[in-house]
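The values are calculated or read from the model by the stated rules, or taken from the named source; none is laboratory data. Computed from a prediction, not measured in an experiment: that's the story for all the values here. As a convention, Cβ positions derive from the backbone with ideal geometry for all residues, glycine included, and neighbour counts pool all protein chains shown.
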Amino acid sequence: MKNLTADHINPASIVPLYKQVSHLLSEEIKNGNLAAGEKIPSELSLMELFNVSRVTIRGAIAELVEDGLLIRSQGKGTYVAPQKQIQMANDLPGLTSSCKQAGKDIRSKVLNMEYAYPTQSESEFLSIPENEQVIEIKRLRYIDSHPTIIETLHFLKQYDFLLQEDLSGSLFEILHKHGLAVMNSNRTLEICNANAYEAGLLELKRNTSLLLFKDFQFGKDGQPFFVSKQLYNTQNMVFYL
């Protein structure tokens, strides 16, 4: 990171400052200048390096953690994450269909629907600039009345019809109604700890271990479709892989 300075940040750009910092740090990781397992500089050091606020640095780090490039270790700091393997997912029927087949009751509560900025990996997958917003849908999903999954979906703006739909049921059924379908996915799986907000929604203690699935969904002709992230409370679930 010796070559990075505040000159690499453009305050006049329409790209938010935190995303500029996030992009610079991700490039350092991808280029090997920050190696897997290496501790990144402190928030104060990064603030001084880029001449930005603590809020900006924390936003950048949060995005890189969400993208799986960084991991936080409580009381120790933030480190470059080991490279994750991507595997093909076999989840095409959707959770609603799977639960019905298993005799489970599933319902969803929409937490919010708004426009938001994608992470760098999401913007690369969707082939859009980092400063282009996407539709963000966040749902809390209940299985047999237990709050089990926090789901976050990112769609291109061209799918804004979703903002008018009742998303308390099956997303796949809504997409099918509009002539759309998921044809394939790339999925990652990791373990993370619930923050205060997530723990409250899932009725768990803070820092409880959760399973995090990220799916990069493809539509017809192999075109990028949308990105989904699911945080699973596994206390009442069994997975068959």
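Observations, loosely collected:
- Residues in region 45-70 that are crowded, with 16+ Cβ neighbours inside 10 Å and among the hydrophobic types (A, V, I, L, M, F, W, C): 46, 47, 49, 50, 52, 57, 60, 61, 64, 65, 69, 70.
- Candidates 203, 173, 198, filtered to the one that is buried (at least 16 other Cβ atoms within 10 Å of the Cβ), of a type outside the set (A, V, I, L, M), at pLDDT 90 or above and not assigned by TED's automatic domain parsing to the domain that holds residue 70: 198
- Considering residues of region 129-150 that are among the β-branched types (Val, Ile, Thr) and at pLDDT below 95 only, the residue farthest from residue 12 (Cα to Cα): 143
- Enumeration of residues in region 56-85 that are on the phi > 0 side of the Ramachandran plot and touching a residue at least 24 places away in the same chain (Cβ under 8 Å): 68, 77
- Criterion applied to 26, 42 was being of a type in the set (Ser, Thr, Tyr) and surrounded by fewer than 19 Cβ atoms within 10 Å (Cβ to Cβ), and the one residue passing it is 42.
- When 35, 6 are checked against the criterion of being in contact (Cβ under 8 Å) with a residue 12 or more places away in the chain and within 18 Å of residue 79 (Cα to Cα), 35 stands alone in meeting it.
- Flag if residue 190 is at pLDDT below 90 and in the same structural domain as residue 157 (by TED's automatic domain parsing): yes
- Just one of the listed residues (136, 132) is out of contact with any Gly (no Cβ under 7 Å at 6 or more places or on another chain) and over 12 Å from residue 226 (Cβ atoms), and it is 132.
- Selected residue [surrounded by fewer than 15 Cβ atoms within 10 Å (Cβ to Cβ) and modelled with pLDDT under 90] from 94, 77: 77
- Contacts under 6 angstrom Cβ, first residue in region 91-115 being under 15 Å from residue 230 (Cβ atoms) and assigned to a loop (DSSP other than H, G, I, E, B), partner among the aromatic types (Phe, Trp, Tyr) and modelled with pLDDT of 70 or more, 6 or more apart: 94/172
- Helices (runs of 4 or more DSSP H) enclosed by region 1-90 - at least 2 residues per element that are acidic (Asp, Glu) and over 18 Å from the mean Cα position of the chain (by Cα): 17-30, 43-50
- Candidate set: region 126-159, residues that are over 14 Å from the mean Cα position of the chain (by Cα), under 21 Å from residue 194 (Cα atoms) and not basic (Lys, Arg); chosen: the one surrounded by the most Cβ atoms within 10 Å (Cβ to Cβ): 148
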